[in-house]
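The values are calculated or read from the model by the stated rules, or taken from the named source; none is laboratory data. The model shown is predicted, which means the values in this text are computed figures rather than measured ones. Glycine gets a Cβ as well: all are built from the backbone with ideal geometry, and neighbour counts include every protein chain shown.
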Amino acid sequence: MGRLVKNWSGILVAFFLLALMRLFLPVPFATEVLIFAIYTMACNFLLGRVGLLSFGQPAYLAVGAYFTGLYLSYWGSNPYMGILAGIVGSAVFCLIVGPFFVRLRSDYFALVNLALCVIIYFLVEKVLMGITHGDEGLSFLMNMSSTPILDLGNQKDFFIFTFLVTLFVWIFCKYTDNSVYGAACMATKMNEDRMIFLGYSTFRVRWSAFVIANTMAGLAGSLYAVWFGYVSPDMSAPARAADVVVVTILGGVGTLYGPLAGSFAYIAMKDLISSLISNWELFIGLLLVFIMLAGERGIWGSLEPVIKKISLKRKMESPTKT
Amino acid sequence: MDITLLTSSIIFGLSMGSIFFLMAIGLSLCFGLMRIISLDQLLYYSLGAYITYSIVTVTGSFWCGAALGMVGAALASLIVERFIFRKIYERDITFSMITSFGILLAGVGGIKYVWGLVPRPVAAPITRQVAFLHTNIPEYRIIIIVIAFLVYVAIWAFLNKTIIGKAIRAGIEDVEKVEGLGINVYRLFTLTFIISGALSGLAGALYAPIIMVGPDMGLEIIAFVFMVVIIGGLGSIKGTMVSALIVGQVISLGSVVYAPLAKMAPFAIMLLILLIKPTGLYGSKLLKR
């Protein structure tokens, strides 16, 4: 029991803070932080665990959102089924494109993903105009039926649902971190040749990680879709391609709490700055360059040593007292 | 297919391929020598186009504008190289990619701040058309193709015939040995970066009369430039030219056949080529990281 508490205390504190945030901050803000945290966790999984940098994350976000949107506009009305459709759709999509992509060298991988992001944008804006209504986007807010326990059309209930989903995704990340699979991912990132020599198929490790991470991004996309009741090609806009990478680095790459801290800081900054100046891109670009030149450790990466020091000090002190 | 339509679309594709080539050569050279992916080339491209627009509206002379656009882009690249890239040459390749994406976004934000959000038209310097095989072809497009060809020849001559070019080629093979010979590689890096920036600026300036000059023009062309670079293989000048021609032709001939899919077709070709050869047509296998 003690070990369990020790392992999971961090998470409890983090999510207690998030729940506390709900009390003091407006609901839309808190919801966006949570959804963006899932999106960032996906990028963090890819970049921090397997070492694959991708500038095409909006593509996967849009795939999830559009599967949900199409389901809710044409077939069904249950938002839970819509989210499920988004998850399944993006998982299938990643399974198909994965083998092409994960074979590539890291630099090619990032560029190919950015190209994919632009292609998805073209696809939903022009090519599939008949189904997706191009720039106008799909609006299905009226199509969603209310569900008995957690009504996703209701903002407050939607926050609770998102909170539970984020908690689940975080626990999943934590679990994979401690498992053999997480170790295999880390080893693939650090020394691929040695992994091959040990008899692992690094292709399979990467492929599965690619599918898991981008399905998570798709989940974030379908949450966005249900939340807004609306999807548009802007979701896959290439100009937004770096945002999630910025946030991942801002929070701290490869850390568990990084995505939460990063997405909180990012959404807060976005709301504050976009109300002050319209020129949001200029700021995020400069911020990115600054973080990279300053040492790429991010918020959590800089905080972690301090926190460790404090807890270590307490441990050192406590035996002498008792 | 109609022969006149075919001729004009081939010329159209060649001119588009020329622009892609001018853009992609910067990315390719930077990767070959410095091992960085310099996404900020797209910023110099927009900058070149915007400077051309400003000069054209003030003085009315397009060629003067294009020349100044090139110089402006070269200056911007010099500043960026001095203050940012100098510090990150030793770092991992993904590092330069993220940093240069930051520079690109910041630069696009700056452009929006200076010139505003509205796309601007640039008057074409030459509106004359030439009769060729029963079709009328805009002379300006032919001039673009000629300029791109001259640039290719000039780059080839520079890399193969001059001593600095030979040092750059040696640097592409092995930077440490070149350094060991007493050559200041950082000066080579700066030179290569300025050449890349100037060529991107030239591409923007030349493309400005054909498209509207807008703040997002760099992000619109980004996918095609990447496809050119990836199909050709990073670090190879010849591969860049070949793949620029392929992508240009695929887009223009594809839009004759079925317009909505024309912009998707290069992506399919890229996937196909990567399936057969993961490093692109002429990419080297040496640089596994």
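Values computed for the structure shown
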| item | result |
| --- | --- |
| Close pairs (8 angstrom Cβ cut-off, 6 or more residues apart or separate chains): away from chain A (no Cβ under 11 Å) in the range B:245-271, among the hydroxyl-bearing types (Ser, Thr, Tyr) anywhere | B:248/B:15; B:248/B:18; B:252/B:9; B:253/B:9; B:255/B:9; B:256/B:9 |
| The range A:75-121, subset without any contact (Cβ under 8 Å) to a residue 40 or more places away in the chain and away from every other protein chain (no Cβ under 14 Å), residue nearest to residue B:261 (Cα to Cα) | A:92 |
| Hey, residue A:196 assigned to a helix (DSSP H, G or I), over 29 Å from residue A:68 (Cα atoms) and over 26 Å from the mean Cα position of the chain (by Cα) or not | yes |
| Subset of the range B:94-113 [touching a residue at least 24 places away in the same chain (Cβ under 8 Å) and surrounded by fewer than 19 Cβ atoms within 10 Å (Cβ to Cβ)] | B:112 |
| The range B:47-65 residues that are within 17 Å of residue B:212 (Cα to Cα), paired with ones that are among the aromatic types (Phe, Trp, Tyr) (beta carbon under 6 Å, 6 or more apart) | B:50/B:115; B:56/B:62 |
| Options A:147, A:162, A:188; residue that is within 14 Å of chain B (Cβ to nearest Cβ), touching a residue at least 24 places away in the same chain (Cβ under 8 Å) and not aromatic (Phe, Trp, Tyr) | A:188 |
| Subset tally (residues that are within 19 Å of residue A:294 (Cβ to Cβ), more than 13 Å from chain A (Cβ to nearest Cβ) and either at pLDDT below 85 or buried (at least 17 other Cβ atoms within 10 Å of the Cβ) (or both)) for the range B:38-88 | 0 |
| Only one of A:118, A:169, A:92, A:97 that is over 30 Å from residue B:220 (Cα atoms), in a helix (DSSP H, G or I), out of contact with any Ser or Thr (no Cβ under 6 Å at 6 or more places or on another chain) and β-branched (Val, Ile, Thr) | A:169 |
| Hits in the range B:165-190 - residues which are under 22 Å from the mean Cα position of the chain (by Cα) and among the β-branched types (Val, Ile, Thr) | B:168, B:172, B:190 |
| Residues within the range B:87-97 that are part of a helix (DSSP H, G or I), more than 19 Å from the chain's Cα centre (by Cα) and of a type outside the set (Ser, Thr, Tyr), tallied | 4 |
| Matching residues in the range A:64-116 - criterion: being buried (at least 24 other Cβ atoms within 10 Å of the Cβ), more than 30 Å from residue B:36 (Cβ to Cβ) and of a type in the set (A, V, I, L, M, F, W, C) | A:65, A:67, A:72, A:83 |
| Subset of the range A:138-157 [under 18 Å from residue A:218 (Cβ atoms) and modelled with pLDDT of 75 or more] | A:138, A:140 |
| Residues that are farther than 14 Å from residue A:225 by Cβ, surrounded by 15 or more Cβ atoms within 10 Å (Cβ to Cβ) and hydrophobic (A, V, I, L, M, F, W, C), drawn from the range A:143-159 | A:150, A:159 |
| Residue in the range B:280-289 that is out of contact with any strand residue (DSSP E or B) (no Cβ under 9 Å at 6 or more places or on another chain), within 29 Å of residue B:94 (Cβ to Cβ), of a type outside the set (Val, Ile, Thr) and away from chain A (no Cβ under 12 Å) present | yes |
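For (1) touching a residue at least 40 places away in the same chain (Cβ under 8 Å); (2) buried (at least 22 other Cβ atoms within 10 Å of the Cβ); (3) farther than 20 Å from residue B:94 by Cα; (4) among the small types (Gly, Ala, Ser), each residue gets a yes or a no:
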residue: A:27; (1), (2), (3), (4): yes, no, yes, no
residue: A:38; (1), (2), (3), (4): yes, yes, yes, no
residue: A:46; (1), (2), (3), (4): yes, yes, no, no
residue: A:51; (1), (2), (3), (4): yes, no, no, yes
residue: A:59; (1), (2), (3), (4): yes, yes, no, yes
residue: A:62; (1), (2), (3), (4): yes, yes, yes, yes
